[in-house]
Each structure stands twice: as C-alpha cells, then as structure tokens.
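A.B. asks: Sharing a structure with you now.
The values are calculated or read from the model by the stated rules, or taken from the named source; none is laboratory data. On a predicted model such as this, the values are computed, not experimentally measured, just so you know. Here the Cβ positions follow ideal geometry from the backbone for every residue, glycine too, while neighbour counts run over all protein chains shown. Please note that ligands, DNA and RNA were not included when accessible areas were found on the heavy atoms of the full protein model with its side chains. Shrake-Rupley method; radii C 1.70, N 1.55, O 1.52, S 1.80 Å.
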Amino acid sequence: MTDDRTGQDLARAGTRAVERSSDVEQRQISNEARLIRGVFRAAGLAAGTAVRGSQWAVGTTYEVTKELAQAALDGESSADIAERTGNALRSIARSALGVTEGSVREIVSYVPTPNGSTQQAITVGPYLRSASTEDLRRRGDALLARSADVYFTEDVHPAYDRILDEIAPDEARILRFMALNGPQPSVDVRTNRPLGIGSELVQGDLTSVPEQAGVRYPDRARSYLINLNRLGLTFTSDDPVVLSRYMVLEVQPVVEEALKKAGRAPKIVRKSLRLSEFGEDFCRTCFTIG
C-alpha cells in the first residue's frame, strides 16, 4: 500500500510539474510576444506586408530589404514575396531577440499566406489595414464608441499624420506659399467658337504657383497640384482674383503654348487656385507659417 501511494504521489507530482512547465512556457510566450510588439512598434518594423499596385511599403531592416529585392529579381508573385518577408521577420526576431518559435508565430501571424487567404487585419507601419467586413465594422463601432466618450480627446484631425506621409517636400512648399499669399490666379485655355457652342478645352487649371513657391522639380508641378487636390487641401474656384494678377500668368510659356494649340482667337477662362478650409487648418497645424 505504501509503495502504491508513493507511486501515486510521484505521478501527481510529475503531472503538476508538467502543468507548471506548460504554464511557464505559455507565460514566456506571452511576455516575449509583448516584448516583440514593443520592439517592432519602436523600430517601425512591419509584422506583415501590403501591396499598393506595383509598389511595396515595408519598413524593416537590411535583411528584409534584401529578401524583397531578391524576390523581385526572381520574378516571384506578391504572395510569394509576402511569405518570404514573413520568414525574414521570424529570423530577425529569433536571432536579434533570442525568443522562442511560439512567440514568433504569435507575432508574425498576420503575414498573408501564399494563397492569399489571410482574413486578419495586417499592420503596415503605423496604419491598420482591414481585411474583412467584420474588421471594418469593428473599427467603425470603435470610432462611434470613442465619439460617445466624454473623456476622449483628439487634438488634431487623424488624417493630418497620414497626409504628411503622402505629400512631397515641394508640395509642402506650395501649401506654405498659398497659406502666406492666399488665392492664386489660374486659367483654362479653350478654343473659340461662336456663342461658345462647341468650344473645347485645350488645357485647364494652368497656374504658376509651383514656380512661385520655388519647387525643386518644376517638371512635376502638374502632379503636385493634382495630388494636393486629391487630398482635399486645394481646389480650383470659378471666382477670379484681381484682374491685374493674370497679366503675369498669361505670358508664361505653358499658357502661351496652350494658346497656340487653341488656334485662332483662343479663349481664356480666368479662375483661381485656393486652399480649402481643410487645407488652411492643415497648414496652420502642421507648418510654422511666418
């Protein structure tokens, strides 16, 4: 009887030891997971990847960059490149932080699978990309909950941070110029027809604002203005500015070239380029104006 009890006690002790070992390992994974999340967040390291057209946005170290470059040279698909990026992230986490495979799997669990079946939200830099309707609705409900929270404060519009990442330095110069100088002249060049019937637009929204702002790449001026309009920072108004301000603009090479294309007695429609209310607040918030 004594031997049996002793054996049972040893068995129970062994079971408890196994359970304790499992609990310790689970706690270790959770602690390491938190550690890796903090390190990735501080370093701007993306646990995942996303594709925008043919451009990749991956904030990571030299090893991951090398993996992406090699994958692109090998002609691999987007899914294969995503899988390779995930493997590189796992390798970095294990070698640099000395963590277990379980923790790495817990962190790098949102990398798209080769068949593109990922349904989780994936993080790209500081932004969250939702991969399903459920994720979108969860985020939308969270916004509504914050709007009802009287203790929740938001100093600036959350889009401003994203917009700063989406404008070029030259575009910032354009915005500052307009914030300092107000609405600027803009013109459309059209063909001239009797009573305006059948008049065609030769070139629209011509302005010298980029050159006046001192952009470094004047050949990109058109793209700059299109992007600022896309972001809702500027808009073209039918209301003209003071008539005398068009005299300088209408002798600029780009306008003269459009006038030649318009043929005999071309028509000039005078308009103005302005900052939107959103753009004005953006400039006051994000730039030192003065």
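A.B. asks: Working from the pairwise distances between different alpha carbons, so that the mean of 1/r is found and then inverted, what is segment 161-272's Kirkwood radius in Å?
C.D. replies: Evaluated over segment 161-272, this radius sits at 14.9 Å.
A.B. asks: Continuing with the same structure: FRET efficiency for residue 176 and residue 134, Cβ-Cβ distance as r, R0 = 41 Å, nearest 0.05?
C.D. replies: Result of the calculation: an efficiency of 0.45.
A.B. asks: Please compute the length gained on full extension between residue 154 and residue 141, using 0.36 nm multiplied by the number of residues separating them and subtracting their Cα-Cα distance.
C.D. replies: That pair, residue 154 and residue 141, stretches by 3.0 nm at full extension.
A.B. asks: Return the sequence-ordered ³J(HN,Hα) values of segment 239-251 in whole Hz as given by the Karplus equation 6.51 cos²θ - 1.76 cosθ + 1.60 applied to θ = phi - 60°, using x for Gly and Pro.
C.D. replies: 7, x, 8, 4, 4, 5, 6, 7, 4, 6, 5, 6, 9
A.B. asks: Residues with amide H under 5 Å of residue 271's amide H, sequence separation 5 or more or different chain, H placed in the peptide plane at 1.01 Å from N; which?
C.D. replies: Those qualifying (amide H under 5 Å, at least 5 residues apart or on another chain) are 186, 187, 188.
A.B. asks: Testing the spin-label approximation: label points 7 Å from Cα along Cα→Cβ at residue 219 and residue 236. State their distance in nm.
C.D. replies: Here the modelled spin labels are 2.3 nm apart.
A.B. asks: Send over a whole-number figure in Å² for the accessible area per residue of segment 161-290, probe 1.4 Å.
C.D. replies: With the other protein chains kept in place, segment 161-290 gives 59 Å² per residue.
A.B. asks: Can I ask one more? Going by average Cβ density within 10 Å per residue, which order do the peptides 271-280, 141-150, 246-255 take, highest to lowest?
C.D. replies: 271-280, 246-255, 141-150
A.B. asks: Label point 7 Å out from residue 277 along Cα-to-Cβ: which residues of segment 159-203 have amide N under 19 Å?
C.D. replies: 159-160, 179, 182-183
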